[in-house]
Each structure stands twice: as C-alpha cells, then as structure tokens.
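Just so it is clear, none of the values below were taken in a lab; they were calculated from the coordinates. Quick caveat, the model's predicted, so the values are computed rather than measured. Quick reminder, even Gly has a Cβ in these numbers, built from the backbone with ideal geometry, and neighbours come from all protein chains shown.
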Amino acid sequence: MPYVYRCHRCRATSPPGTRHAAEDARREHRDVEHGGLAPDGERIVRVPGSTRHPDGRYVSTGGLLAGLVLLALAETVARLWGR
Ligand SMILES: [Zn+2]
C-alpha cells in the first residue's frame, strides 16, 4: 500500500513508501522548503494501481476454488454429451 507525498507548489513528489513515510516526507518538506508552513495543494495520495491491502490484487481462494469446480463440471458435462 504505497503512498507518496506531493507538493503541488514545488511540483515535487516523495518516493513511494508507507503512509508514515509519506507523512515524514511531508513534515520534512514543510520544514525545509516552506519554513514549517503547509503549502497549498499538498497531499498524500495512494500510488495509482496499488491496493489497500497487498493481497487485495490476488483472487480470493474461495473464488479460485469455485472457478475450478465450474471447470470440472463443464468438463464432465462435455464428456457426457460427447458420447
Ligand atoms: Zn513544496
């Protein structure tokens, strides 16, 4: 679940990391570049294409098993009709 900190005003983006790392990058950027003030347009965003949970991109085990059962049923029906 990678996050980045983006400062619209500076057109700068932190490297992807945890939410905590993005918040650290925000604090450091505010202190170094903006004298501790919060610049307009800054935000912490989830990296596009990433999921909330690392395993979220995979098919669930139940879904996979249901798919295999459907394939086995289809094969059985096809064999019975083929005779
Ligand atoms: Zn900035």
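Where does each of Thr13, Thr18, Thr61 land when they are ranked from fewest to most other beta-carbon atoms within 10 angstrom?
Details: Thr13 15, Thr18 11, Thr61 8.
Lowest count first: Thr61, Thr18, Thr13.
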*What nm distance separates the two modelled labels at Leu71 and Arg46, each placed 7 Å from Cα along Cα→Cβ?*
2.9 nm
*Calculated [θ] (222 nm, deg cm²/dmol) that DSSP helices of n ≥ 4 give over the chain, each run adding -39,500 (n - 2.57)*: -15500 deg cm²/dmol
*According to a simple spin-label model (label point 7 Å from Cα along Cα-to-Cβ), what is the distance in nm between His8 and Leu80?*
6.2 nm
*By count of other Cβ within 10 Å, fewest leading, how are Asp40, Asp31 ordered?*
Asp40, Asp31
*For the chain, calculate the relative contact order in percent as a whole number, restricting contacts to Cα pairs under 8 Å that are 6 or more residues apart.*
31 percent
*State log₁₀ I(q)/I(0) for the chain at q = 0.13, 0.14, 0.18 Å⁻¹ as given by the Debye formula over alpha-carbon point scatterers of equal weight, solvent excluded.*
-0.56, -0.60, -0.78
